[in-house]
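Below is one structure, written out as structure tokens; comments come after it.
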Amino acid sequence: MNNNKVLHTPISEKKRIKDIDIIRGFALFGVLLVNVFYFNTTFTATLVGQVPLLNPLELSPGLDQITATLVSFFAEGKFYTIFSFLFGLGFYIFISRAEDKGLESKPLFKRRMFSLFIFGLLNLILVWWGDILHVYALGGFILVLFKDKPVKVLRRWVLILLTFSIIASSLMFSASPMAFQAMDTSSYMVSPQMVEQSFEVFRNGNYLEIIGFRITNELPFLLFYFIFIIPKTLAMFLIGMIAGKMNIFENIKDNLALINKIWKVTGIVGGVSLIAMLLSGYPVLGLNGTGLSPVYAFFFEVGTVSISLFYITSLIKLLRKSMFAKVLYPLQSVGRMALTNYLVQCIVCSLVFYGHGLGYIGNMSVFTGVIFTIAFFVLQMVISSVWLKYYKFGPFEWIWRKYTYGKAKEIKSGLQV
């Protein structure tokens, strides 16, 4: 039997799980919403806490302050976490379908991860420091080790990884800016002069100067940050894999009781976390907080995971109602082209904010950034919908698929007009 030819047949519309595409599209909007904040500053500035999402109360009272607070509470960290869940779910679906066709799934998945890593590495170096694809790819190589583990073992690993991640990330998140403030920054690697220099380079520098600064001054810190992000990412991968093993998305109707239970629990935990963040990090009820205390950071991490799962289960529930399904349906086309749309978002934002483009970095207000996000994403929904009327894959998805599966002839059948 010609296994390659069987494999290269594109997934039919009937076999696609539309709920997953819609959730992926929803997550992509949230990723853009948060990323615009970080494109509007530099990575060096984030190291010393100079980001509106970390300290929204430092903004002048008004629309920008309110908007930044809402995004910080309800969006920051939540949507990459949803993507991590979907990655784990997608891993299980990919492996299962390959094995159903009698194919060697692990080598194929490793090729898939290697090509994703190349996408991510190029995006990281050539476009912007906040790329997540390389993290997913490296985490994917670890995920393969859990392929044949039973659900009970996976749950145990989720608990271990999340416990480590929440403690480690919250300590790093709460300590870093305060540590920088307490140190003699004139003799430290990240000094006020370096922050000022980063804005000068990214606002007025040419493309090669920006890349040079990123490689020299940003990548060393990003390698350190990688140690902290992998555990939570892998934990969400495993939760997604568990959902796949339990056939939750393949048979939502029979799993609605479990989905409702998860929805209630994560909603309560997420709500409590938000209240705890408000009390520990904001000057309400007579409490003076900085937004960067260890308690605030701990509940931020707990809330990130729980609220992400709450969003996922909420969307599943809403999609069971025809009125909401019609409203959410346009997200499906964006979700089907998630890789292309994510990379396009990064490229366009770099051209808007950096010096080799319009150079708006540091000059776009918070509220204007939200308006920009909405307008840009609506445009992506329209373009994605039109594109998928003529092609079965997005352009970057086609390249990804071509490298994963090899022979281009069979793949090209999915691109015919």
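The values are calculated or read from the model by the stated rules, or taken from the named source; none is laboratory data. Treat the numbers as computed from the prediction; the structure is a model and nothing was measured. Cβ sites come from the backbone with ideal geometry, for glycine too, and all protein chains shown count toward neighbours. Heads up: the accessible areas ignore ligands, DNA and RNA and are worked out on the full protein's heavy atoms, side chains in. Shrake-Rupley method; radii C 1.70, N 1.55, O 1.52, S 1.80 Å.
One residue alone among 116, 124 is under 15 Å from the mean Cα position of the chain (by Cα), over 26 Å from residue 242 (Cβ atoms) and surrounded by 17 or more Cβ atoms within 10 Å (Cβ to Cβ), and that residue is 124.
Evaluation of residue 184 against the conditions (1) under 30 Å from residue 140 (Cβ atoms); (2) at pLDDT below 90; (3) surrounded by fewer than 13 Cβ atoms within 10 Å (Cβ to Cβ) shows that the sole unmet condition is (1). Look at the range 224-237: where a residue is of a type outside the set (A, V, I, L, M), no partner that is outside any helix (DSSP H, G or I) and surrounded by fewer than 18 Cβ atoms within 10 Å (Cβ to Cβ) sits 6+ places away or on another chain with Cβ atoms under 7 Å. The number of residues in the range 37-85 being closer than 17 Å to residue 278 by Cβ and part of a helix (DSSP H, G or I) comes to 14. Look at the range 87-98: where a residue is touching a residue at least 24 places away in the same chain (Cβ under 8 Å) and farther than 17 Å from residue 132 by Cα and a partner is assigned to a helix (DSSP H, G or I) and hydroxyl-bearing (Ser, Thr, Tyr), sitting 6+ places away or on another chain with Cβ atoms under 7 Å, you get 95/105; 98/105.
Applying the condition of being over 19 Å from residue 304 (Cβ atoms) and among the aliphatic types (A, V, I, L, M) to the range 222-240 and asking which residue is nearest to the chain's Cα centre (by Cα) yields 222. All conditions in (1) open to solvent by 40 Å² or more (accessible area, probe 1.4 Å); (2) modelled with pLDDT of 90 or more; (3) closer than 23 Å to residue 350 by Cα hold for residue 225, with the sole exception of (2). Within the range 366-386, if we keep just the residues that are buried (at least 17 other Cβ atoms within 10 Å of the Cβ) and of a type outside the set (Val, Ile, Thr), the residue that is nearest to the chain's Cα centre (by Cα) turns out to be 377. Listed by first and then second residue, the pairs with beta-carbon distance under 6 Å, at least 6 apart or on different chains, first residue in the range 184-209 and closer than 27 Å to residue 351 by Cβ and assigned to a loop (DSSP other than H, G, I, E, B), second open to solvent by less than 100 Å² (accessible area, probe 1.4 Å) and at pLDDT 90 or above, are 205/355; 206/356.
Quick check on residue 154: is it part of a helix (DSSP H, G or I), under 20 Å from residue 306 (Cα atoms) and open to solvent by 80 Å² or more (accessible area, probe 1.4 Å)? Don't jump to the end; show me each part of the working.
Working: part of a helix (DSSP H, G or I): yes; under 20 Å from residue 306 (Cα atoms): yes; open to solvent by 80 Å² or more (accessible area, probe 1.4 Å): no.
No: the conditions fail for residue 154.
Of the listed requirements (1) touching a residue at least 40 places away in the same chain (Cβ under 8 Å); (2) among the hydroxyl-bearing types (Ser, Thr, Tyr); (3) out of contact with any Ser or Thr (no Cβ under 7 Å at 6 or more places or on another chain); (4) more than 30 Å from residue 111 (Cβ to Cβ), residue 368 misses just one: (1).
How many of the residues making up the range 347-362 are in contact (Cβ under 8 Å) with a residue 60 or more places away in the chain, open to solvent by 30 Å² or more (accessible area, probe 1.4 Å) and not small (Gly, Ala, Ser)?
Initial filter on the range 347-362 (in contact (Cβ under 8 Å) with a residue 60 or more places away in the chain): 347, 349-350, 352-356, 359-362.
Retained after the next criterion (residues that are open to solvent by 30 Å² or more (accessible area, probe 1.4 Å)): 347, 356, 360, 362.
Of the ones still in play, those that are also not small (Gly, Ala, Ser) are 347, 356, 360.
Total satisfying the criteria: 3.
One residue alone among 255, 247 is at pLDDT 85 or above, among the polar types (S, T, N, Q) and open to solvent by 60 Å² or more (accessible area, probe 1.4 Å), and that residue is 247. Annotation note: Cβ proximity below 9 Å between a residue of the range 107-122 that is under 23 Å from residue 211 (Cα atoms) and a residue that is not in a helix (DSSP H, G or I) (sequence gap 6+ or interchain) occurs for 119/131; 120/131; 120/132; 121/131; 122/131.
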